[in-house]
Amino acid sequence: MVTCAVLGDPVAHSLSPVLHRAAYEELGLDWSYDAVQVPAGGLAAFLDGLDATWRGLSLTMPLKREAVPLLTSADEWVRLTGAANTIVLGDDGSRHGLNTDVPGARAAVEQAGVGSVARAVVLGAGATAVSVVFALAELGLEQVTLLARDPARAGESVRVLAQHLRGTSYDVLPLTEAAQHVDAADLAVSTLPASAQVPELVAALAEVPAVFDVVYDPWPTPLAASVEASGRTLVTGLDLLLAQARDQVRAMTEASDVPVEAMRKAAEKELEARGAR
């Protein structure tokens, strides 16, 4: 039996087990994939305790940055963003890190029919927000404003953007100033939990033509409901989750044809069962 898992804290809500298990079934693989709670500061010990049956790990908050110094090799997106959401474990004990959030975010935006994005506002300033910024930079982003609940805690994001973001200007401001910085935005991105999407914030984004909400449970979020009701373009968290999970499955299993539609159907069924769709 080959073993894989998603790690994080909290992690019980993660849809990753549903997606990966659906892929394994379609691919005829007798693999397991579970959700394991690993708190901040606990990743090194967890990795050191793994046996030879382990093949791959998906990482969610708060482990994406914690993983980087524990890797033996990494893809270019890990190097640029300073965050990894995937670790592929080799038979020789190697740990190869990937950041599939960046290509996943780009794919989700393109699939939703969003054209070029010159200016964006991003709610949140953590690892996922930074990955989305790099994805948008691939699509021609010229200027981005990150709106953080606590800008003083965004130091690592600022360091990464200052060191590696090219051709795109940025600033990091308090989330309370959202209404002052959305007027010219082509796209608004929210990495905030649904509980943080207060009416005043949703109203501030009411005129932005396209919105990317990375949350997928609960659904719709207050922001997503507002966008759908107005007929504006909405990029969903499920779109992102599927796109990045596709690349994770490909990296872990080496499958050339990942069964994305089977993964989507399994995800939608699970969300309906949760009452989140």
*Any idea which residue in the stretch 84-110 is farthest from residue 245 (Cα to Cα), counting only those that are over 16 Å from the mean Cα position of the chain (by Cα) and of a type outside the set (Asp, Glu)?*
93
*Which of the residues belonging to the stretch 117-150 are free of Cβ contacts under 8 Å to residues at least 40 places away in the same chain, farther than 20 Å from residue 63 by Cα and surrounded by fewer than 20 Cβ atoms within 10 Å (Cβ to Cβ)?*
138, 139, 140, 142, 143
*With respect to residue 52, is the statement that it is of a type outside the set (S, T, N, Q) and in the same structural domain as residue 132 (by TED's automatic domain parsing) true?*
no
_Given the criteria over 14 Å from residue 145 (Cα atoms) and either surrounded by 20 or more Cβ atoms within 10 Å (Cβ to Cβ) or in contact with an Asp or Glu (Cβ under 7 Å, 6 or more places away or on another chain) (or both), does residue 199 qualify?_
no
*Please give the number of the condition residue 167 fails out of (1) at pLDDT below 95; (2) touching a Pro at 6+ places or on another chain (Cβ under 9 Å).*
(2)
*Search result, residues across the stretch 114-155 that are within 19 Å of residue 102 (Cβ to Cβ), more than 17 Å from the chain's Cα centre (by Cα) and among the charged types (D, E, K, R)*: 142
*Collect the residues in the stretch 98-123 that are in contact with a strand residue (DSSP E or B) (Cβ under 6 Å, 6 or more places away or on another chain) and more than 25 Å from residue 172 (Cβ to Cβ), keeping them in residue-number order.*
98, 112
*Run residue 236 past the list (1) in contact (Cβ under 8 Å) with a residue 40 or more places away in the chain; (2) more than 24 Å from residue 113 (Cβ to Cβ) and report the number of the one that doesn't hold.*
(2)
_I'm trying to understand the selection: among the residues of the stretch 1-26, which are within 17 Å of residue 267 (Cα to Cα), at pLDDT 95 or above and not small (Gly, Ala, Ser)?_
6, 11, 15, 17, 18, 19, 20, 21, 24, 25, 26
*Yes or no: residue 116 among the polar types (S, T, N, Q), modelled with pLDDT of 95 or more and either farther than 10 Å from residue 189 by Cβ or part of a loop (DSSP other than H, G, I, E, B) (or both)?*
no
*Limited to the stretch 151-174, what total is found for residues that are surrounded by fewer than 17 Cβ atoms within 10 Å (Cβ to Cβ) and over 11 Å from residue 134 (Cβ atoms)?*
11
*Considering only strands (runs of 3 or more DSSP E) fully contained in the stretch 1-74, which possess at least 2 residues that are buried (at least 22 other Cβ atoms within 10 Å of the Cβ)?*
2-8, 54-59
*Counting just the residues of the stretch 230-252 that are surrounded by fewer than 20 Cβ atoms within 10 Å (Cβ to Cβ) and of a type outside the set (A, V, I, L, M, F, W, C), which one comes out nearest to residue 15 (Cα to Cα)?*
250
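The values are calculated or read from the model by the stated rules, or taken from the named source; none is laboratory data. Everything quoted here is computed from the prediction, not taken from an experiment. Note that we place each Cβ from the backbone using ideal geometry, even for glycine, and neighbour counts take in every protein chain shown.
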